[in-house]
Amino acid sequence: MPASPIATSVAAVAVIGSLNMDLRVQTPRLPAPGETLIGTGFSTDSGGKGANQAVAAARMGAAVAMLGRVGRDAHGAALTQALQADGIDTSAVGQDTDAPTGTAIIVLMPSGENSIIVIPGANHRYTPAEVAASASAIRQAKVAVAQLECPLDTVRAALALAHGAGVCTVLNAAPAQPLDDALLAAVDWLVVNEIEAEMLTGLPTDTPAQIEAAAHTLRQRGPSQVVVTLGSAGLLHVGPDGALALPAPRVTAVDTTGAGDTFVGALAAGLAEGLPIPAALTRAQVAAALAVTRLGTQSAMPTRAEVEAFTP
Ligand code: ADP
């Protein structure tokens, strides 16, 4: 993977969100209480939905600023350096002196099943006051992107600030949790998967008609553009001009972790560049499809050149 993005665009994306160090443990099974077990493998990877989406946008050539919080520890330094290696501005990534950097402990079993423990750490100490302190980074952006791994009040403050400044706002409502209409009123683009759409609306999302009904319901709550991502089946977009279903490019999936994050980051980059909506959605789908063909999350995200070279 090239160390820096292709600097062809002046697009500006501000990502407000989480940074986590992923610690991947491979084990034959979960240990019983009190038992010590010898595992079979270990690896670390930079993660957190915010950081992942920032990297995806940067690889599309966007100028990206990351806003968030890490601990004053080795993981925090490594995560920040990883973003910088992709050309991302980390001057608004604060360091918490008390809380550790966010960590995800991912326990992988031979069956392919995984059990995950997330310790939010510094992510949960990222406050509305800190968002206000980095207000200029949000106001200068063309697109502001948030997810739900930081405190809801912080997400709310960031979206309100961006919306009030006329910056296009993208909320990836993941992990799923209930949201109030006041927060959704500050969202221009809402991106959810089927599970999140179901959780937010209380409606079933088993059939295309049900998914479209849920998307319309979400639109009525504020966002003018709603995208429901459907894994290998692609997506449904509902905007002021109606509904558009786009199939995903056909690829051989190796690891679908981070598909949604790749999609959201690449979409934000496309919107910041001023691509027409269908083109921005299509390019984001190609980026996500390429990401699922490789192992890893940030390391699997494609560059703009790879996306442009892709032929289905
Ligand atoms: P999440 O990771 O948030 O659950 P999805 O699984 O819906 O999100 O994936 C997001 C997007 O990534 C999809 O809309 C699609 O474009 C792409 N994608 C995911 N899985 C595949 C796959 N197996 N093949 C091709 N594209 C995929």
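A few remarks follow.
- Residue check for Ile117: open to solvent by less than 50 Å² (accessible area, probe 1.4 Å), over 22 Å from Cys168 (Cβ atoms), touching a strand residue (DSSP E or B) at 6+ places or on another chain (Cβ under 9 Å) and not in a loop (DSSP other than H, G, I, E, B): no
- The listed residues are Ala158, Ala122, and the only one of them that is assigned to a helix (DSSP H, G or I) and touching a Lys or Arg at 6+ places or on another chain (Cβ under 9 Å) turns out to be Ala122.
- Tally of residues being within 16 Å of the ligand (Cβ to nearest atom), within 25 Å of Ala144 (Cα to Cα) and in contact with an Asp or Glu (Cβ under 6 Å, 6 or more places away or on another chain) across region 193-224: 0
- Among the candidates Arg283, Arg250, Arg304, residue that is more than 19 Å from Gly47 (Cβ to Cβ), more than 14 Å from the ligand (Cβ to nearest atom), surrounded by fewer than 23 Cβ atoms within 10 Å (Cβ to Cβ) and not polar (S, T, N, Q): Arg304
- Strands (runs of 3 or more DSSP E) lying entirely in region 3-97 (those with 1 or more residues that are closer than 23 Å to Leu295 by Cα): 20-26, 41-47
- Residue pairs meeting the criteria (Cβ under 8 Å; at least 6 apart or on separate chains; first on the phi > 0 side of the Ramachandran plot, in region 186-199; second of a type in the set (Asp, Glu) and part of a strand (DSSP E or B)): none
- Meets criteria (within 20 Å of Gly50 (Cα to Cα) and open to solvent by 40 Å² or more (accessible area, probe 1.4 Å)) for Gln177: yes
- Qualifying residue in region 149-169 (condition: more than 20 Å from Gly222 (Cβ to Cβ) and out of contact with any Phe, Trp or Tyr (no Cβ under 8 Å at 6 or more places or on another chain)): yes
- Looking across region 81-99, the residues that are touching a residue at least 24 places away in the same chain (Cβ under 8 Å) and more than 15 Å from Glu130 (Cβ to Cβ) come down to Ala82, Leu83, Ala85, Asp86, Gly87, Ile88, Asp89.
- When residues in region 253-280 are screened for being near the ligand (Cβ under 9 Å from one of its atoms) and open to solvent by 30 Å² or more (accessible area, probe 1.4 Å), 4 of them pass.
- Pairs where the first residue, in region 212-231, is at positive phi and the second is away from the ligand (no atom under 15 Å from the Cβ), C-beta under 7 Å, 6+ apart: Gly222/Asp181; Gly222/Leu184; Gly222/Ala185; Gly222/Val187
- One residue stands out in region 98-112 among those that are in a loop (DSSP other than H, G, I, E, B) and either touching a Cys at 6+ places or on another chain (Cβ under 9 Å) or of a type in the set (S, T, N, Q) (or both): the one that is farthest from Asn52 (Cα to Cα), namely Ser111.
Quick grid of which residues meet (1) farther than 30 Å from Thr97 by Cα; (2) under 20 Å from the mean Cα position of the chain (by Cα):
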| site | (1), (2) |
| --- | --- |
| Ala135 | no, no |
| His163 | yes, yes |
| Ala176 | no, yes |
| Asp188 | yes, yes |
| Glu194 | yes, yes |
| Ile211 | yes, no |
| Ala214 | yes, no |
| Arg219 | yes, no |
| Gly231 | yes, yes |
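- Qualifying residue in region 197-212 (condition: crowded, with 17+ Cβ neighbours inside 10 Å and within 30 Å of Gln140 (Cα to Cα)): no
The values are calculated or read from the model by the stated rules, or taken from the named source; none is laboratory data. Being a predicted model, the structure only gives us computed values, none of them experimental. Neighbour counts are summed over all protein chains in view; Cβ atoms, including those assigned to glycine, are modelled from backbone coordinates with ideal geometry. Side chains are part of the model used for accessible areas, which takes the heavy atoms of the whole protein and leaves out ligands, DNA and RNA. Shrake-Rupley method; radii C 1.70, N 1.55, O 1.52, S 1.80 Å.
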